[in-house]
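Below are the structure tokens for one structure; questions will follow.
The values are calculated or read from the model by the stated rules, or taken from the named source; none is laboratory data. Note that the coordinates shown come from a computational prediction; the quantities given were computed from them, not determined experimentally. Note that each Cβ is placed from the backbone with ideal geometry, even for glycine, and that neighbours are counted across all protein chains shown. Please note that ligands, DNA and RNA were not included when accessible areas were found on the heavy atoms of the full protein model with its side chains. Shrake-Rupley method; radii C 1.70, N 1.55, O 1.52, S 1.80 Å.
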Amino acid sequence: MKKLLIIVFTLWVLFGCTEVEEPTPTPPREYDAAELIMLEEMENSFNFFWEQANTDEESGGYGLINDRYPSNVSLSSIASVGFGLAGLPIGIEYEWITYDEGFERAEKTLDTFLALDNYHGFFYHFLNKQTGERAGTSEVSIIDTALFLAGAITAGEYFGGDVKEKAEDLYEQIDWTWYLDPSRNMFYMGYRPESGFAGHWDFYGEQLILYVLGAGAPNEAYRTNVSTYNTFIRRQASYGGGETFISSWFGSLFTYQFSHAFVDFRNREDAQGVNWFENSINATIANRQYAIDSHSTFQTFTANSWGMTASDGPRGYSGYYGSKPSGYTDDAHRNDGTIAPAGALGSAPFTPDLVKGAIQYFETIGGLKGEYGYKDAYNFDQATPWVAGDIIGIDKGITLLMLANYFDGLVWEQFMKNEYVNLGLERIGILPVEISETA
């Protein structure tokens, strides 16, 4: 569409009415060398979601997308589907697919979810990609349902019509109060029919979007109390002489990124004066500085090789990869030298110059690029340098969406159109700075 507008304008200039004053055209954006690489990684990431979706309309899993690739291709993650739905407007605007192709994919994917088994509107985290049935003993996940819903909302706002209506039908059926522990006024972390609820979102992390979606729910009976937003622990910490910020448990960068892929927290503060966008900037800077300071321990870690976040590693997937500050005493994270490109790339809107240095370094690593761009991770602290064999959907998702937000705020623009999202932000008090300062 961006290219089409340029063509239409050129034809108008050449053949249009000469009596009408010609508007001054906006000069095309010039990309630096790092941004050209970022655009390529965006397209590669988009292609994963587009090509690895189930498009068998006779199956029960149309639109389901791999949790990882190329291994375990029968397993789908609903969060991966959410990132894929939010990626459809990106694919259209950058002319990788047509509008009609994107509309069809979005609508039929939402039809799948309207027919899936759920508990009070919440879906199983992992599904069989072909059938749509629960995979193994997968939990009914509040955070992964939220990430799916965020993608559905984004697609709904972009396409309108039936897509928007179906996205809001899915939103309306979610009873956020069911997933809430009333004794602590906190969301539980997981639910299994066999064992009930487990854990609590009691520390800051990737769950910010839960409070926004819960407080703004279309069904008033299913809305959470605004006070739920204020119950999680906000540990103030810093690292290496940097700015103080509210840290997450493992210090993994995804915890500072996932909600931001959809909610535009820029120039907003809550009642306590917290600007979550600035918080993620400070967390990103701390992560990089920790990598620099840890080079003597992990040779993989350098000024341009940073971004410790949950990812595959030489001994399998680990959610412990992170940096100081972490936990209560800065010792909750665990590292072995593994770096995931998504860690840095997901921070593109926060620290673009630092990310540009990282992506230019990634280009020099032999074997890191595959069919869909960068593989999940690498590690040079092994006897034999290691590069992941797989890519992971949520890592490709945060890469795609945050690079798109860096370039033109496309996902933010669509998601933030939704009236219920704005209601949720208003109810919990995350307001534009100019409003919060005069309230």
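Name the single residue that is nearest to Q52 (Cα to Cα) among those in the range 381-439 being open to solvent by 20 Å² or more (accessible area, probe 1.4 Å), β-branched (V, I, T) and part of a helix (DSSP H, G or I).
That would be I394.
Being in contact (Cβ under 8 Å) with a residue 40 or more places away in the chain and in contact with a Phe, Trp or Tyr (Cβ under 8 Å, 6 or more places away or on another chain): is that true of A237 here?
Working: in contact (Cβ under 8 Å) with a residue 40 or more places away in the chain: yes; in contact with a Phe, Trp or Tyr (Cβ under 8 Å, 6 or more places away or on another chain): yes.
So A237 passes the test.
Further, regarding this structure: Working carefully through the options P349, P325, find the one that is at negative phi, of a type outside the set (G, A, S), more than 19 Å from the chain's Cα centre (by Cα) and assigned to a loop (DSSP other than H, G, I, E, B).
Step by step, each of P349, P325 is checked, and only P325 is at negative phi, of a type outside the set (G, A, S), more than 19 Å from the chain's Cα centre (by Cα) and assigned to a loop (DSSP other than H, G, I, E, B).
When the range 174-192 is examined, which residues are found to be open to solvent by less than 40 Å² (accessible area, probe 1.4 Å), in contact with a strand residue (DSSP E or B) (Cβ under 7 Å, 6 or more places away or on another chain) and not in a strand (DSSP E or B)?
Correct list: I174, Y179.
If I ask for residues that are within 24 Å of G389 (Cβ to Cβ), under 25 Å from the mean Cα position of the chain (by Cα) and open to solvent by 10 Å² or more (accessible area, probe 1.4 Å), which ones from the range 288-301 would you list?
none
Still on this structure: Would you point out which residue out of A388, A383 is of a type outside the set (K, R) and without any contact (Cβ under 8 Å) to a residue 24 or more places away in the chain? Steps first, answer last, please.
Values: A388 fails: without any contact (Cβ under 8 Å) to a residue 24 or more places away in the chain.
Among A388, A383, only A383 is of a type outside the set (K, R) and without any contact (Cβ under 8 Å) to a residue 24 or more places away in the chain.
Taking A377, is it buried (at least 24 other Cβ atoms within 10 Å of the Cβ), touching a residue at least 60 places away in the same chain (Cβ under 8 Å), more than 21 Å from W50 (Cβ to Cβ) and not β-branched (V, I, T)?
For A377, the condition - buried (at least 24 other Cβ atoms within 10 Å of the Cβ), touching a residue at least 60 places away in the same chain (Cβ under 8 Å), more than 21 Å from W50 (Cβ to Cβ) and not β-branched (V, I, T) - is met.
Could you check G136 against (1) in a helix (DSSP H, G or I); (2) surrounded by fewer than 19 Cβ atoms within 10 Å (Cβ to Cβ) and say which number it fails?
Here G136 meets the rest and fails (1).
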